[in-house]
1. In deg cm²/dmol and to the nearest 500, what is the mean residue ellipticity at 222 nm of the chain if only DSSP H runs of at least 4 residues count, each as -39500 (n - 2.57), divided by the residue total?
2. From the residues 69, 22, 6, which one has its Cα farthest along the dipole of the chain in the positive direction, the dipole being from +1 and -1 charges on Cβ of Lys/Arg and Asp/Glu about the Cα centre?
3. Report the extension gain between residue 21 and residue 1 in nm, rounded to one decimal, defined as 0.36 nm multiplied by the number of residues separating them, less their alpha carbon distance.
4. Suppose R0 equals 25 Å; then what is the FRET efficiency for residue 13 and residue 62 from their Cβ-Cβ distance, rounded to the nearest 0.05?
5. Please get the size of the charge dipole for the chain, origin at its Cα centre, with Cβ charges of +1 on Lys and Arg and -1 on Asp and Glu, quoted in debye to the nearest 20.
6. Here are some values of Rg and Dmax of the Cα atoms in Å: [x] 12.2, 38; [y] 18.9, 66; [z] 35.1, 86. Which one was computed from this structure?
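Every number here is computed from the coordinates shown, using simple stated rules; none is lab data. These numbers were taken from a predicted model, which means no experiment stands behind them. A quick note on method: Cβ atoms are made from the backbone with ideal geometry, for glycine too, and the neighbour counts reach across all protein chains shown.
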Amino acid sequence: MSAKIMRQLLAEHWGKVLGGLTGLFVGLSIITFGLWRSLLLFLCIALGVFLGKLYDRHEGLQKVRQRIWPDSD
């Protein structure tokens with residue numbers, strides 16, 4: 001299969017490829033670490049992505065705390 005055809009297939013079916021790779025990662029993680037350790041791993045990954053998103057938007061944790069728990073005066 002040529003590289004051009006492979007790129008075209010990936011472009012047209014990117015969601016399926018990403019979903020399949022995610023499922024593979026989750027399955028291997030559960031087999032390797034167990035359910036609870038895998039859930040902790042995914043929670044840490046999600047927290048890291050969230051904090052990275054805040055860093056990219058130059059939004060401090062203080063603003064996030066204010067948005068989630070506003071001060072009630």
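1. On the way: 4 runs with 60 residues, N = 73.
Value at 222 nm, helices only: -27000 deg cm²/dmol.
2. Farthest along the dipole direction, towards plus: 6.
3. 5.2 nm
4. Details: r = 42 Å, r/R0 = 1.70.
About 0.05, to the nearest 0.05.
5. That gives a dipole near 240 debye.
6. Computing Rg and Dmax of the Cα atoms in Å and matching it to [x] 12.2, 38; [y] 18.9, 66; [z] 35.1, 86 gives [y].
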